[in-house]
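Handing you a structure now.
The values are calculated or read from the model by the stated rules, or taken from the named source; none is laboratory data. This is a predicted model, so every value here is computed, not measured. Cβ placement follows ideal geometry from the backbone for every residue including glycine, while neighbour counts extend to all protein chains displayed. Remember, those area values only see protein heavy atoms, side chains included, never the ligands or the DNA or RNA. Shrake-Rupley method; radii C 1.70, N 1.55, O 1.52, S 1.80 Å.
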Amino acid sequence: AYLKISEGCNHSCSFCIIPSMRGKLVSRPVGDVLSEAERLVKAGVKEILVISQDTSAYGVDVKYKTDFWNGQPVKTRMLELCQALSSMGVWVRLHYVYPYPNVDDVIPLMAAGKLLPYLDIPFQHASPKVLKAMKRPAFEDKTLARIKQWREICPELTIRSTFIVGFPGETEEDFQYLLDWLTEAQLDRVGCFQYSPVEGAPAEELGLEPVPDEVKQDRWDRFMAHQQAISAARLQRKIGQEIEVLIDEVDEDGAIGRSCADAPEIDGLVYIDSEQPLQAGDKIRVRVTHSDEYDLWAEAI
């Protein structure tokens with residue numbers, strides 16, 4: 001189930017992945033969010049996806065005011081929200097998290113098994129020049145250090161992201177910078193879009209040289225090939241490991257599920273060979289036997 005905690009965008013992006021959510025950040029009362037999550041869990045939901053335009057900035061607009069849930073005071077802040085959600089006994093997955101320093105606070109919850117060790121961070125690019133043009137935070141060097149620190153605390157952490165190639169003014173040097181950054185960052189799950197001009201968008205008013213369509217396509221192809229190799233290598237390391245899987249579907253060919261590293265509809269799948277009867281909603285332990293660029297195959301234990 002998707003749990004929306006805020007709407008809007010608090011940094012006037014030149015590009016916004018969800019345009020309908022643009023505008024000033026507006027945080028929902030934390031008590032309302034937690035009550036909705038509680039209702040979902042009581043209805044049988046096994047996984048909650050926390051989404052917003054900027055999850056890590058939750059509560060900034062209301063100065064982290066204290067609200068109440070089940071008679072207990074809770075601050076309107078990502079850490080306290082995650083602590084409360086982690087008490088509900090279901091998978092909790094964080095999306096649209098920007099790498100601000102306060103994200104460090106939730107990593108120990110992941111390491112302790114209270115939150116899924118998963119962060120969806122829309123980096124968009126790595127070149128400082130391109131990020132500045134996008135009006136995105138341009139701290140790619142500190143971000144790499146932060147990713148390293150997170151993985152030291154929580155080695156199982158999965159990081160997914162999205163990127164844009166062909167943004168106006170992007171040079172071959174900028175693009176190569178992005179590929180080198182990907183090699184260093186070793187992200188697990190990555191999507192890529194070609195920049196598409198939208199009439200009236202701030203990016204169209206920057207006066208930057210547009211990237212030809214054939215160049216955008218070439219860069220997208222090279223980006224995907226580069227990241228596929230990284231993703232395949234990271235998945236191959238899971239062969240032989242035991243992991244927990246949430247079953248989504250069962251048919252005549254077997255069961256299909258997802259691990260904690262796989263958000264529904266956007267990440268990979270786990271194809272399971274099992275002699276025991278399974279049904280959607282089951283959580284089981286499996287041993288990984290095979291992998292490709294996106295998916296895993298496993299045997300039930």
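Given the structure, is Ile230 touching a helix residue (DSSP H, G or I) at 6+ places or on another chain (Cβ under 9 Å) and either within 26 Å of Tyr177 (Cβ to Cβ) or at pLDDT 95 or above (or both)? Steps first, please.
Working: touching a helix residue (DSSP H, G or I) at 6+ places or on another chain (Cβ under 9 Å): yes; either within 26 Å of Tyr177 (Cβ to Cβ) or at pLDDT 95 or above (or both): yes.
Yes: the conditions hold for Ile230.
Something else: Taking region 211-225 only, how many residues are exposed (fewer than 13 other Cβ atoms within 10 Å of the Cβ), under 24 Å from the mean Cα position of the chain (by Cα) and not aliphatic (A, V, I, L, M)?
Quick first cut of region 211-225, residues exposed (fewer than 13 other Cβ atoms within 10 Å of the Cβ) only: 212-214, 221, 225.
Now narrow it down to the ones that are under 24 Å from the mean Cα position of the chain (by Cα): 221, 225.
Narrowing further to those that are not aliphatic (A, V, I, L, M): 221.
Residues that pass the stated criteria total 1.
Do we have Glu244 as touching a strand residue (DSSP E or B) at 6+ places or on another chain (Cβ under 7 Å), closer than 28 Å to Tyr96 by Cα and either surrounded by fewer than 18 Cβ atoms within 10 Å (Cβ to Cβ) or free of Cβ contacts under 8 Å to residues at least 60 places away in the same chain (or both) here? Lay out the reasoning, then the answer.
Numbers: touching a strand residue (DSSP E or B) at 6+ places or on another chain (Cβ under 7 Å): yes; closer than 28 Å to Tyr96 by Cα: yes; either surrounded by fewer than 18 Cβ atoms within 10 Å (Cβ to Cβ) or free of Cβ contacts under 8 Å to residues at least 60 places away in the same chain (or both): yes.
So Glu244 passes the test.
Let me ask another. Looking at region 123-136, can you tell me whether even one residue there is in contact (Cβ under 8 Å) with a residue 40 or more places away in the chain, hydroxyl-bearing (Ser, Thr, Tyr) and crowded, with 19+ Cβ neighbours inside 10 Å? If you could, list the steps in order and put the result at the bottom.
Just the residues of region 123-136 that are in contact (Cβ under 8 Å) with a residue 40 or more places away in the chain, to begin with: 123-127, 129-130, 133-136.
Retained after the next criterion (residues that are hydroxyl-bearing (Ser, Thr, Tyr)): 127.
Next, only the ones that are crowded, with 19+ Cβ neighbours inside 10 Å stay: 127.
So far as region 123-136 goes, yes, one or more of its residues are in contact (Cβ under 8 Å) with a residue 40 or more places away in the chain, hydroxyl-bearing (Ser, Thr, Tyr) and crowded, with 19+ Cβ neighbours inside 10 Å.
Looking at region 75-89 only, could you name the residues that are in contact with a Lys or Arg (Cβ under 7 Å, 6 or more places away or on another chain) and either acidic (Asp, Glu) or in contact (Cβ under 8 Å) with a residue 40 or more places away in the chain (or both)? Write out each step before concluding.
Of all residues in region 75-89, those in contact with a Lys or Arg (Cβ under 7 Å, 6 or more places away or on another chain) come to 76, 86.
Within region 75-89, just Thr76 meets the criteria.
Considering only residues that are among the small types (Gly, Ala, Ser) and in a strand (DSSP E or B), look in region 267-301 and name the one that is farthest from Lys238 (Cα to Cα). Break it down stepwise before answering.
Residues of region 267-301 among the small types (Gly, Ala, Ser): 268, 274, 280-281, 291, 298, 300.
Filter once more, keeping what is in a strand (DSSP E or B): 291, 298, 300.
Details: Ser291: 8, Ala298: 10, Ala300: 15 Å.
Result: Ala300.
I would also like to ask the following. For the subset of region 115-141 comprising residues that are charged (D, E, K, R) and in contact with a Cys (Cβ under 8 Å, 6 or more places away or on another chain), which member is modelled with the highest pLDDT? Lay out the reasoning, then the answer.
So in region 115-141, the residues charged (D, E, K, R) come out as 120, 129, 132, 135-136, 140-141.
The next check asks that each one be in contact with a Cys (Cβ under 8 Å, 6 or more places away or on another chain); those that pass are 135-136.
Working: Lys135: 83, Arg136: 79.
Among residues in region 115-141 that are charged (D, E, K, R) and in contact with a Cys (Cβ under 8 Å, 6 or more places away or on another chain), the one modelled with the highest pLDDT is Lys135.
For the structure I just gave you, tell me whether Ser196 is open to solvent by less than 40 Å² (accessible area, probe 1.4 Å) and on the phi < 0 side of the Ramachandran plot. Break it down stepwise before answering.
On the way: open to solvent by less than 40 Å² (accessible area, probe 1.4 Å): no; on the phi < 0 side of the Ramachandran plot: yes.
It is false that Ser196 is open to solvent by less than 40 Å² (accessible area, probe 1.4 Å) and on the phi < 0 side of the Ramachandran plot.
Would you check which residues across region 63-74 are touching a Ser or Thr at 6+ places or on another chain (Cβ under 8 Å), in contact (Cβ under 8 Å) with a residue 12 or more places away in the chain and surrounded by fewer than 18 Cβ atoms within 10 Å (Cβ to Cβ) and list them? So that I can check it myself, show each step before the final result.
Pass one, region 63-74, residues touching a Ser or Thr at 6+ places or on another chain (Cβ under 8 Å): 64-67, 69, 73-74.
Okay, now just the ones that are also in contact (Cβ under 8 Å) with a residue 12 or more places away in the chain, so 64, 67, 69, 74.
Tyr64, the sole residue that qualifies.
Got a number for residues in region 90-117 being touching a residue at least 12 places away in the same chain (Cβ under 8 Å) and either assigned to a loop (DSSP other than H, G, I, E, B) or of a type in the set (Gly, Ala, Ser) (or both)?
12
Here is a further query. Could you please give the count of residues in region 16-34 that are surrounded by 13 or more Cβ atoms within 10 Å (Cβ to Cβ) and either modelled with pLDDT of 95 or more or not hydrophobic (A, V, I, L, M, F, W, C) (or both)? Explain how you work it out, then say what you get.
Step one: list which residues in region 16-34 are surrounded by 13 or more Cβ atoms within 10 Å (Cβ to Cβ), which gives 16-18, 21-23, 25-31, 33-34.
Filter again for either modelled with pLDDT of 95 or more or not hydrophobic (A, V, I, L, M, F, W, C) (or both), leaving 22-23, 27-31, 33-34.
Qualifying residue count for the region: 9.
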